[in-house]
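Participant: Can you keep this structure in mind? I'll have questions shortly.
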Amino acid sequence: MTFGGTTGRGLLLLIAFFATIVVLGCWDNRRQIEHVLAQGYATSADITGAQFQRRMPLTADGWRPRFVEQDLSVDLKWQGRDGKTHEHKKVPVTEGFARTIVSGDQVRLITAPVKLLDDELSVPVITSDTTARLASLQSWTTISGYIALAAWAGFAGLSVLRWRRGGSGQANAGSPPVDIPPRRTLFGLMTLFGGGLLAFYAWSDARSADAIAAGGVDTTAEIIDVAARPSEGGRSSYTVRLSWKDALGAVHHFGPTHISEAFWKKITRDGELAVRQTPIRYRPDDLQARPVIVEDAPEQRWQAQYGIVAGLITMVVGAGCLFSAALHMGRR
């Protein structure tokens, strides 16, 4: 079989499927980390064991499946706030953290600071490994996302090419030409790539906020001005410009940057700026990164998650349209 035939298309479909599963698994892991960091409490947990996950990067927390993106995972045990002993198995750790507890085939069963919730579905977060873990998930999602987009596009392209060649080949000279549904195919390609871009940009905003939340510095910023601009659908978009001083007294500016409608209503009265200061968190080592407005962070996080989910759903719709077009061509 040629690469454009059944073997090639099947290989691309397999790659696209598994790459999409990895993207969804990494997104779910990052969402769990955010949930535990926001709702959990800080304590210490004992590392009671470890296992390599290279051959089986999947596990389950009760009824809930979970993707383990790291080579090594550890088992944790702690005394909960309810007075009971809890444990959670296969908590992923990055290579940097693994080097501190693994020597050859031996694992140091140490006590580590964690943030967690006392339930079997919430995966504990090892505090000292949080920043590295979020950065690792960022790399996994970026690479897997590009692979998934390329594989889905390649599968769709080879499917169309195969049916066109099948309808015009010499062996099928007496057969009618293959009917390719142009609108369905074009719509599928557009929604597939459009959904991928939407999910990627929403995820990029979320990962930037995660990095600042994990390693940022808190300060109070001056609100220089705000603006409201009409957008599509009759709604408005809102922006703000900020200014703050670092620990050395240097003044920094950022903006205009997007804010939510809820935060806009909180700092304005009748469209005029009424609040002049707001707490922010910024990265002193990357002043070009967008600072996190603390009071607007939950709304921004929700919007980013909504964008990711909407993008993934759009990709599924696009893939469904392309699959439907391929089935239509097969029947014809």
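Participant: Suppose we filter the stretch 10-37 for residues that are in contact (Cβ under 8 Å) with a residue 60 or more places away in the chain and of a type outside the set (K, R); how many remain?
Facilitator: 18
Participant: Any residue in the stretch 186-199 that is in the same structural domain as T142 (by TED's automatic domain parsing) and at pLDDT below 75 sitting within a Cβ distance under 9 Å of a residue that is surrounded by 19 or more Cβ atoms within 10 Å (Cβ to Cβ) and polar (S, T, N, Q)? List the pairs, counting only those 6 or more apart or interchain.
Facilitator: Pairs that qualify, where the first residue is in the same structural domain as T142 (by TED's automatic domain parsing) and at pLDDT below 75 and the partner is surrounded by 19 or more Cβ atoms within 10 Å (Cβ to Cβ) and polar (S, T, N, Q): there are none.
Participant: Within the stretch 225-272, track down each residue that is farther than 16 Å from V294 by Cβ and part of a loop (DSSP other than H, G, I, E, B).
Facilitator: Correct list: S231, R235, D246, A247, L248, G249, A250, D270, G271.
Participant: Do we find a residue being modelled with pLDDT of 75 or more, over 24 Å from W27 (Cβ atoms) and either touching a Pro at 6+ places or on another chain (Cβ under 6 Å) or in a loop (DSSP other than H, G, I, E, B) (or both) anywhere in the stretch 313-326?
Facilitator: no
Participant: If T48 meets every condition in (1) closer than 18 Å to P124 by Cα; (2) under 22 Å from the mean Cα position of the chain (by Cα) apart from one, which number is that one?
Facilitator: So the condition that T48 fails would be (2).
Participant: I101: crowded, with 16+ Cβ neighbours inside 10 Å and within 14 Å of A45 (Cβ to Cβ), yes or no?
Facilitator: Yes, satisfied.
Participant: When you scan the stretch 39-58, do you find a residue that is closer than 30 Å to I313 by Cα, small (G, A, S) and out of contact with any Leu (no Cβ under 7 Å at 6 or more places or on another chain), even just one?
Facilitator: Checking the stretch 39-58: not a single residue is closer than 30 Å to I313 by Cα, small (G, A, S) and out of contact with any Leu (no Cβ under 7 Å at 6 or more places or on another chain).
Participant: Now for a separate question. For the stretch 262-305, what are the residues that are of a type in the set (F, W, Y) and assigned by TED's automatic domain parsing to the domain that holds V240?
Facilitator: F263, W264, Y282
Participant: If you don't mind, another one. Mind counting the residues in the stretch 260-292 that are touching a residue at least 40 places away in the same chain (Cβ under 8 Å) and not polar (S, T, N, Q)?
Facilitator: 15
Participant: May I ask you to list the residues in the stretch 104-130 that are of a type in the set (A, V, I, L, M), within 13 Å of T43 (Cα to Cα) and exposed (fewer than 14 other Cβ atoms within 10 Å of the Cβ)?
Facilitator: Once the filter is applied, which keeps residues that are of a type in the set (A, V, I, L, M), within 13 Å of T43 (Cα to Cα) and exposed (fewer than 14 other Cβ atoms within 10 Å of the Cβ), the stretch 104-130 yields nothing.
Participant: Find the strands (runs of 3 or more DSSP E) located wholly in the stretch 3-97 whose residues include 3 or more that are outside the structural domain of G145 (by TED's automatic domain parsing) and surrounded by 15 or more Cβ atoms within 10 Å (Cβ to Cβ), and list them.
Facilitator: 41-52, 72-79, 85-93
The values are calculated or read from the model by the stated rules, or taken from the named source; none is laboratory data. Note that the coordinates shown come from a computational prediction; the quantities given were computed from them, not determined experimentally. All Cβ positions, glycine included, derive from the backbone under ideal geometry; neighbour counts span all protein chains shown.
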